[in-house]
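What follows is a single structure, written as structure tokens, with notes after it.
The values are calculated or read from the model by the stated rules, or taken from the named source; none is laboratory data. Everything numeric in this text was worked out from a predicted model, so none of it was measured. Methodologically, a virtual Cβ is constructed for each residue, glycine included, from the backbone with ideal geometry; neighbour enumeration extends over all protein chains shown.
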Amino acid sequence: MPDKIAEVIDLKKTYFLGGVAVEALRGITLAFNEGDFAAIMGPSGSGKSTLLNLLGCLDRPTSGSYYLGGQDVSQFSDDELSDIRSKKLGFIFQSYNLIQQLSVLENIEVPLVYQGASPAECKERSTKLAEQVGLGGRLKHRPAELSGGEQQRVAIARAIVNDSLIILADEPTGNLDSATGAEILLLLSRLNEQGKTILMVTHDEKVAAHARSVVRLNDGWLVDGGTKAE
Amino acid sequence: MIPFRVTTTIKVGLKSLMLHKMRSILTALGVIFGVCSVIAMLSIGEGAGWEAQQQLKLLGRDNIIIKSIKPPEEEVANVERGRLINYGLTYKDAERIATTIPAVKVVVPMKRMDKDVYFGARRVTSQIVGTVPWYPDIANFHVARGHFLTFTDMARKNNVCALGEGIAKKLFTYMDPLGRAVKVGPDYYRVVGVMEQRATLKKGSADDLNLDIYIPLTTARERYSDINVRITSGTFQVERVELRQITVTVNDVKNVPTTAKIIRQLLKRFHKKVDYEIVVPLDLLHQAQKTKRIFSVVLGSIAAISLLVGGIGIMNIMLASVTERTREIGIRRALGAKRKDIILQFLVETVVLSAGGGVLGLIFGVVIPLLVTLFADMRTIITLWSLILAFGISVAIGVIFGLYPASRAANMDPIEALRHE
């Protein structure tokens, strides 16, 4: 029986925009197993980005619970959530989101630094991962000197440098051409084969096809897919 | 050991400052100017105050100095040659002050006359000061060689004198004056002592105190019977003045104000016109101290305001910098940065800016008073506490004016921040 790595129970999120309450998630119950590669799909306003943010501990639910690696993190403090993010999660964004003033190596290191690792460890692991994604020779380059595909590969290295439980990807190929996009998706598939759990938000069916399961949301409700909680 | 995450965050802050060198320098200018002006102004103020206080200390805190002054009405009337004017302090005044006021410890009466002094062929225009044997103690001005006038000299009205350092040098050059005689008018005075050098602002001029010669008061009274001829620019004036000055030492500083009042009343009773002036060094000292305090407060306030402006400048730039880097803040938060990491990152920038500005301001603040002393010949005193105060305030400004932008950065919602341009 595979381990449940992330589980949400009746998760709700309500925003208040100028006095009006907007229910982004109306009660999602869902579980992911270790080694899953799931695509989270839905039209705009379906709540998929909100779900990803909650799964990534960037935000707290209005009600409901979220178990990550067995821990209930739904009521964690800001500092505790920051710790979880640096130690257990990895992010990949559509616009790469690398820090422009830092080199490739320094960018990959960031989660480790905030985790509290030693300088030697940071350097060693970051170098290894840069090589793993094929950028071993560009360690001192700045993001501005890299192509889109190369920047996304740095982002991927950064997302796994801390041995994260889950990689959360938000439209990872959105800013890339189809050829480069395919390369990235191939890299993600390879990581998944090595045992990494990947949750990917996308609106593109072709991209979703690279995942191994699909979760569909509409208007804040879960309408299809996902391993149902017991 | 400082954790790696802290040193890295500090390095990030420093790197950011280095990226915009021009901007950093311009931002720090306010603090540089503020710190520099605090130190420079305070040291100029301290210097000015010290000079004044030293002058007054020489006069003596527990002294009251009464001088004869020519009453103003006479000045206009005395156009004709040879008119005799009678004014000023009298021997009786000195006696009354010495005997009737209990708080008075010592009274030193003095006569002064303009005379030429001769030795052989050499001549020096000098002032003869007729005074008492205890004058050196009051004036804190002693003989360098030989001895001053004695009680016997006073009693016997001896023709002896003590020479000022300047006049001794001019008349005797390398010869020993002691035992020799100088000539004033038809009289000879045996030199019994040579005074030490006295600091004076009017070196070489007719008012140079080192050109004075001291004889017993009794001798002066007998020889010159209070008549003095003053030659000034074309005309000459003949005046009768018994005493030019009376210096009174009070037994305790506490009693100075009341004693001054009593003396004032005493003189008023016995003088028809205001032909005297009472100088109370203690009052002047208090005045000088008060002035210095006000001076320091005003200058300090101006400098403090400029430091404040500098701090606001820093805060302004930091707010803009935080907005510029909203995306980066969001990314760092997403990767695990806690709020305090973000605060540290931006606080490092402001503290380095203000402390760096403080150090530069310190350097300029020390150099400028030195230049002022060199070129304007004014004494300046750089105190350690002003340096510590100014630097401490500059660091505090960095922290205070940096906290607001830093906390704004730290409290940003990471999701909103990531969405930012």
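Among B:26, B:19, which is surrounded by fewer than 23 Cβ atoms within 10 Å (Cβ to Cβ), within 14 Å of chain A (Cβ to nearest Cβ) and over 19 Å from the mean Cα position of the chain (by Cα)?
So the residue among B:26, B:19 that is surrounded by fewer than 23 Cβ atoms within 10 Å (Cβ to Cβ), within 14 Å of chain A (Cβ to nearest Cβ) and over 19 Å from the mean Cα position of the chain (by Cα) is B:19.
Tell me, please, whether a residue that is assigned to a loop (DSSP other than H, G, I, E, B), among the polar types (S, T, N, Q) and buried (at least 21 other Cβ atoms within 10 Å of the Cβ) can be found in region A:119-129.
Taking every residue of region A:119-129 in turn, none turns out to be assigned to a loop (DSSP other than H, G, I, E, B), among the polar types (S, T, N, Q) and buried (at least 21 other Cβ atoms within 10 Å of the Cβ).
Could you look through region A:170-181, keep only residues that are part of a loop (DSSP other than H, G, I, E, B) and within 13 Å of the chain's Cα centre (by Cα), and pick out the one that is nearest to residue A:54 (Cα to Cα)?
Within region A:170-181, the match that is nearest to residue A:54 (Cα to Cα) is A:171.
Of the conditions (1) outside any helix (DSSP H, G or I); (2) surrounded by 15 or more Cβ atoms within 10 Å (Cβ to Cβ); (3) at pLDDT below 90, residue B:283 satisfies every one except a single condition; which number is it?
Result: residue B:283 passes all but (1).
If I ask for residues that are assigned to a strand (DSSP E or B), out of contact with any Lys or Arg (no Cβ under 6 Å at 6 or more places or on another chain) and at pLDDT 90 or above, which ones from region B:124-134 would you list?
B:131 - this is the single residue of region B:124-134 that is assigned to a strand (DSSP E or B), out of contact with any Lys or Arg (no Cβ under 6 Å at 6 or more places or on another chain) and at pLDDT 90 or above.
Only one residue in A:184, A:198, A:156, A:167 is within 18 Å of residue A:88 (Cα to Cα), part of a helix (DSSP H, G or I) and in contact with a helix residue (DSSP H, G or I) (Cβ under 7 Å, 6 or more places away or on another chain), so which one is that?
Only one candidate passes the filter, namely A:156.
Let me confirm something: among B:357, B:336, which residue is part of a helix (DSSP H, G or I), in the same structural domain as residue B:315 (by TED's automatic domain parsing) and surrounded by 23 or more Cβ atoms within 10 Å (Cβ to Cβ)?
B:357
I'm trying to understand the selection: among the residues of region A:130-153, which are closer than 17 Å to residue A:184 by Cβ, in a helix (DSSP H, G or I) and in contact (Cβ under 8 Å) with a residue 40 or more places away in the chain?
Hits for region A:130-153 are A:143, A:148, A:151, A:152.
To keep it simple, each residue is scored yes or no on (1) at pLDDT below 90; (2) more than 14 Å from chain A (Cβ to nearest Cβ).
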{"position": "B:329", "(1), (2)": "no, no"}
{"position": "B:339", "(1), (2)": "no, no"}
{"position": "B:354", "(1), (2)": "yes, yes"}
{"position": "B:367", "(1), (2)": "no, yes"}
{"position": "B:373", "(1), (2)": "yes, yes"}
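Out of (1) surrounded by 15 or more Cβ atoms within 10 Å (Cβ to Cβ); (2) in a helix (DSSP H, G or I), the odd one out for residue B:388 is which?
(1)
Tell me which residues, restricted to region B:240-265, are assigned to a strand (DSSP E or B) and either in contact with a Phe, Trp or Tyr (Cβ under 7 Å, 6 or more places away or on another chain) or more than 23 Å from residue B:223 (Cα to Cα) (or both). It would help to see each step written out before you state the result.
Kept after step one, since they are assigned to a strand (DSSP E or B), are these residues of region B:240-265: B:240, B:243, B:245-250.
Correct list: B:243, B:248, B:249, B:250.
If we keep just the residues of region A:92-130 that are among the acidic types (Asp, Glu) and farther than 11 Å from residue A:157 by Cα, which is farthest from the other protein chains (Cβ to nearest Cβ)?
A:124
Residue B:166 - would you say it is among the small types (Gly, Ala, Ser) and in contact with a strand residue (DSSP E or B) (Cβ under 6 Å, 6 or more places away or on another chain)?
Spelling it out, it is not the case that residue B:166 is among the small types (Gly, Ala, Ser) and in contact with a strand residue (DSSP E or B) (Cβ under 6 Å, 6 or more places away or on another chain).
Restricting attention to region B:315-336, which residues are in contact with a Pro (Cβ under 7 Å, 6 or more places away or on another chain) and closer than 13 Å to residue B:416 by Cα?
The answer is B:330, B:333, B:334.
How about region A:3-88: which strands (runs of 3 or more DSSP E) wholly inside it have at least 3 residues that are more than 21 Å from residue B:334 (Cα to Cα) and among the β-branched types (Val, Ile, Thr)?
Here the list reads A:20-33.
From the list B:360, B:335, B:403, B:347, which residue is at pLDDT 90 or above, within 30 Å of residue B:48 (Cα to Cα) and over 23 Å from the mean Cα position of the chain (by Cα)?
On inspection, the qualifying residue turns out to be B:360.
Is it the case that some residue within region A:63-83 is over 21 Å from the mean Cα position of the chain (by Cα) and closer than 30 Å to residue A:181 by Cβ?
No, every residue in region A:63-83 fails to be over 21 Å from the mean Cα position of the chain (by Cα) and closer than 30 Å to residue A:181 by Cβ.
Which of the residues belonging to region A:71-106 are out of contact with any Lys or Arg (no Cβ under 8 Å at 6 or more places or on another chain) and surrounded by fewer than 17 Cβ atoms within 10 Å (Cβ to Cβ)?
Hits for region A:71-106 are A:71, A:72, A:77, A:80, A:94, A:95.
If I ask for residues that are more than 7 Å from chain B (Cβ to nearest Cβ) and small (Gly, Ala, Ser), which ones from region A:80-91 would you list?
Once the filter is applied, which keeps residues that are more than 7 Å from chain B (Cβ to nearest Cβ) and small (Gly, Ala, Ser), region A:80-91 yields only A:90.
Which of the residues that make up region A:170-193 are of a type in the set (S, T, N, Q) and either touching a Cys at 6+ places or on another chain (Cβ under 8 Å) or touching a residue at least 24 places away in the same chain (Cβ under 8 Å) (or both)?
Correct list: A:173, A:175, A:180, A:189, A:192.
Residue check: is residue B:313 closer than 30 Å to residue B:47 by Cα and away from every other protein chain (no Cβ under 14 Å)?
Considered against the rule, which asks whether it is closer than 30 Å to residue B:47 by Cα and away from every other protein chain (no Cβ under 14 Å), residue B:313 comes out as no.
State whether one or more residues within region B:172-192 are within 22 Å of residue B:247 (Cα to Cα) and either exposed (fewer than 14 other Cβ atoms within 10 Å of the Cβ) or within 36 Å of the chain's Cα centre (by Cα) (or both).
No, region B:172-192 contains no residue that is within 22 Å of residue B:247 (Cα to Cα) and either exposed (fewer than 14 other Cβ atoms within 10 Å of the Cβ) or within 36 Å of the chain's Cα centre (by Cα) (or both).
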